[in-house]
1. Say whether the condition of being away from the ligand (no atom under 16 Å from the Cβ), open to solvent by 10 Å² or more (accessible area, probe 1.4 Å) and either over 23 Å from the mean Cα position of the chain (by Cα) or under 17 Å from Ile28 (Cα atoms) (or both) is met by at least one residue in segment 94-109.
2. Just need a number here: residues in segment 185-199 that are crowded, with 17+ Cβ neighbours inside 10 Å and away from the ligand (no atom under 12 Å from the Cβ).
3. What pairs can you find where one residue is in segment 391-410 and over 10 Å from Ile105 (Cα atoms), the other is of a type in the set (Gly, Ala, Ser) and open to solvent by 10 Å² or more (accessible area, probe 1.4 Å), and their Cβ atoms are less than 7 Å apart, with a gap of 6+ or different chains?
4. Please tell me if Arg30 is of a type in the set (Lys, Arg), farther than 26 Å from Ala344 by Cβ, under 23 Å from the mean Cα position of the chain (by Cα) and within 14 Å of the ligand (Cβ to nearest atom).
5. Confirm whether Val77 is touching a helix residue (DSSP H, G or I) at 6+ places or on another chain (Cβ under 9 Å), within 11 Å of the ligand (Cβ to nearest atom) and not acidic (Asp, Glu).
6. Out of curiosity, is Leu162 away from the ligand (no atom under 16 Å from the Cβ), of a type in the set (A, V, I, L, M) and under 30 Å from Gly207 (Cα atoms)?
Amino acid sequence: MNLEIDRNRLTEEIEELAGISDAEPPAITRIVFSLADLRARAWLIARCEKAGLAIRQDPVGNIFARWAGVEPNAAAVGTGAHIDAIPNAGKYDGVVGVLGGLEAIRALQRCGARPKHSIELLLFTSEEPTRFGIGCLGSRLLSGTMTPDAARKLTDKDGASLEEVRRKAGYSAPLEEVKLPSGYYKAFVELHIEQGPLLEQQKVPLGVVTSIAAPASFRITVEGAGGHAGAVLMPERRDALCAAAELILAIENAARSSGAVDTVATVGICDVFPGAVNSIPSRVRLTLDIRDTDLARRDAAMRAIETARETIAAKRQVAISEELVNADAPALCAPEIVEALSQACAKHGLASMKMVSRAYHDSLFMSRIAPVAMLFIPCRNGYSHRPDEYASPEDIARGALVLAETLASLAG
Ligand SMILES: [Zn+2]
């Protein structure tokens, strides 16, 4: 099998898709079911049809482009990612996995491969949370991680419901039809830019992902008592910001003392009320984002934070409440796919390293219904979600090549 990636065409396609955007180049904005997103979908479908792939779209707009195998009824081998983009993003996040996946399939076709299992390219709807406030909408529904009832309650900032928006985009069948039957995929592999600096720093062209970290996030409110900064003496104070400060350090400590570098916890927002120089803070709102690759360890850190919260509230006579925003479980990649990816790298003489995906992707949710793994390529300075996001044509082609080799080995 003489696999070759058509690097020029792949580069041209990435540029062409970048032109379908609601932002001025080089920035990309493609919000799910906006006109730009719908045009980009139509463009992609045309490319897939040209490659002889059979197209199916589900009621939430996930697009499946299938190259039928010799045994068309056997479980398929899947690959894919997303093409929606947050406002003012770059042109590679998600796109490399979609167009790289398409090119991997074409490369296999060109070299005369006849896979036993079908190979399917999957475009996920709304990986980005921009419009409906929740990321990975398509894969959550495909995997049954989100119920159709919960999805029907989603609205965008203009009050339009997902139901309305998807119907307008031409998707009207009931959301109950989205969930994939178990055993639909034999394996699922997602190619993606790293969105971090490690591959570039270590000068390794490919990263084989062994686990995907997942966040739990909370809104925390601390309520104490306000008052005049001069008149209320220290023994009388119930300062909400001082309590919040202790809690923030307890959160940091819970992550630092978990026993693993993979535990990370961040308080990214601290909103102080009333926020005046001569007024004791009476209320503080915090956000907490806590991630790990191991669910038990993340839960242990969350319990440590919980204990600290109770101790601080009692000691400082303040009320601390927390509201869970979301808590997704992390995923371990399937050892057999990790092995297939590593061997594919070796076969083409390409160095690779095992790594953790610290951002989460549609593969996190696909892992609930199929064996998954991911392949990372470097991106300049680790930048992503910004217009100067960049991956070189050479790195992208290497990713597509290893993906093609892996799909072939998994599809038999
Ligand atoms: Zn992405």
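The values are calculated or read from the model by the stated rules, or taken from the named source; none is laboratory data. Just so we're clear, the structure is a prediction, and the values are computed from it rather than from any experiment. Cβ atoms come from the backbone with ideal geometry, glycine included; neighbour counts cover every protein chain shown. Note: areas computed on protein heavy atoms with side chains; ligands, DNA, RNA excluded. Shrake-Rupley method; radii C 1.70, N 1.55, O 1.52, S 1.80 Å.
1. yes
2. Summing the residues that are crowded, with 17+ Cβ neighbours inside 10 Å and away from the ligand (no atom under 12 Å from the Cβ) in segment 185-199 gives 7.
3. So the pair list comes out as Thr406/Ala340; Ser409/Ala340; Leu410/Ala340.
4. Yes; evaluated as a whole, the condition is true for this residue.
5. Spelling it out, it is not the case that Val77 is touching a helix residue (DSSP H, G or I) at 6+ places or on another chain (Cβ under 9 Å), within 11 Å of the ligand (Cβ to nearest atom) and not acidic (Asp, Glu).
6. So Leu162 does not fit the description; no.
Each row is one residue, and each column tells you yes or no for (1) in contact with a Gly (Cβ under 7 Å, 6 or more places away or on another chain); (2) open to solvent by 40 Å² or more (accessible area, probe 1.4 Å); (3) not small (Gly, Ala, Ser).
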| site | (1), (2), (3) |
| --- | --- |
| Ala314 | no, yes, no |
| Leu332 | no, yes, yes |
| Ser352 | yes, yes, no |
| Met374 | no, no, yes |
| Pro378 | no, no, yes |
| Leu407 | no, no, yes |
| Ala411 | yes, no, no |
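Table: residues versus (1) over 20 Å from Phe124 (Cα atoms); (2) of a type outside the set (D, E, K, R).
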| position | (1), (2) |
| --- | --- |
| Ser363 | no, yes |
| Ile369 | no, yes |
| Ala373 | no, yes |
| Pro378 | yes, yes |
| Glu389 | yes, no |
| Arg398 | yes, no |
| Ala404 | no, yes |
| Ala408 | yes, yes |
| Gly412 | yes, yes |
